[in-house]
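*Asks:* Pasting in a structure now, in structure tokens, and then I'll have a few things to ask.
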Amino acid sequence: MKNNNTHRNSIPGKSLFIGAALSGLIVGALLISGFIGSRSGNSLFCSLATVRIGGGAAASIHSPTPIQLQAILHYATSRVVPQQSLGEVTVSYDVLKARAPCNFLVFGLGHDSLMWTSLNPRGKTVFLEEDPRWFQTVLKDSPYLKAHTVKYRTQLSQADDLLSSYRSERLCSPSDAYLRGNTRCRLALENLPDEVYETEWDLIMIDAPRGYFAEAPGRMGAIFSAAVMARNRKGSGVTHVFLHDVDRRVEKAFAEEFLCRKYLVKAVGRLWHFEIPSAANNASVAGSFDLSHTADLY
């Protein structure tokens, strides 16, 4: 989620406004977390007093995490803001508000990573980043983040061929697709850290890898793999998948093919939000991806 637009943060007033708004979202998450934790007592005020006075385990459960406090300070004082607009961020925030603590997988590491982690207090938030140098830059300022570098085996220039040819490979089909070690399906992210495969993700954000020049990895594999993760979910409920930059032709076409427009529940700006049921809990999901979107991408 590197900011590739050098002019995006050139308006100080706008940057400070967005930063203040993001800080407000994080503070709101803190208040909601504290309120939910207090409902087991008879009174909100009494519960807060108990936490404040009693200390110990009760205080640690409902007190702000270090990364939340760092995020508030960062966004309240920084002119560097996330690439997503406040409206786009709010879509994911609303889901996190209802689901946190949860398992949240984010493709991309950047100016918004601290925010996403702070909005999922005491949950698992993991970032996957393609650029080792950018990885080091971000982690130097935010060592609390849990992130991995990953390598992609596709290029954006291959998108049209990948979309038209995946049906000929059995291990790309909805009923047989898997990820770890699946070298035969070129869209499968087959060499991610074990933690990614061994965790059932409640939310998946796709805002990387880069997809704006021919040699870039493109987001084809990330979109396909998110769909496989969602369909292979064993637990109850849906997987929330958020895809950014849907104004670009490749992102839109691969989303309609693999995430399926029938599961699209919200669209704000350049962000689409899908709620994808698992194949185990929904027989209609197991049959096929949406094969109706086969137009050339270039």
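*Asks:* Compute the accessible area per residue over the range 70-141, keeping the other protein chains in place, probe 1.4 Å, unit Å².
*Replies:* For the range 70-141, the solvent-accessible area averages 37 Å² per residue.
*Asks:* Take each of the peptides 160-171, 118-129, average the number of other beta-carbon atoms within 10 Å over its residues, and list them starting from the highest.
*Replies:* Averaged packing, sorted descending, gives the order 118-129, 160-171.
*Asks:* Ranked highest first by the average count of other Cβ atoms within 10 Å around their residues, in what order do 151-158, 199-206 fall?
*Replies:* 199-206, 151-158
*Asks:* Hey, what D do you get for the range 86-285 in µm²/s if you plug the Kirkwood alpha-carbon radius into Stokes-Einstein at 25 °C and 0.890 mPa s?
*Replies:* 145 µm²/s
*Asks:* To continue, here is another question. With all protein chains present, how much of the accessible area of the range 86-285 (probe radius 1.4 Å) comes from carbon and sulfur, to the nearest whole percent?
*Replies:* Its accessible area is 48 percent carbon and sulfur atoms.
The values are calculated or read from the model by the stated rules, or taken from the named source; none is laboratory data. Computed from a predicted model, the values in this text were never measured in an experiment. For neighbour counting, all protein chains shown are included, and Cβ atoms are generated from backbone atoms with ideal geometry for every residue, glycine included. When the accessible area is computed, the model is the full protein with side chains, heavy atoms only, and any ligands, DNA or RNA have been set aside. Shrake-Rupley method; radii C 1.70, N 1.55, O 1.52, S 1.80 Å.
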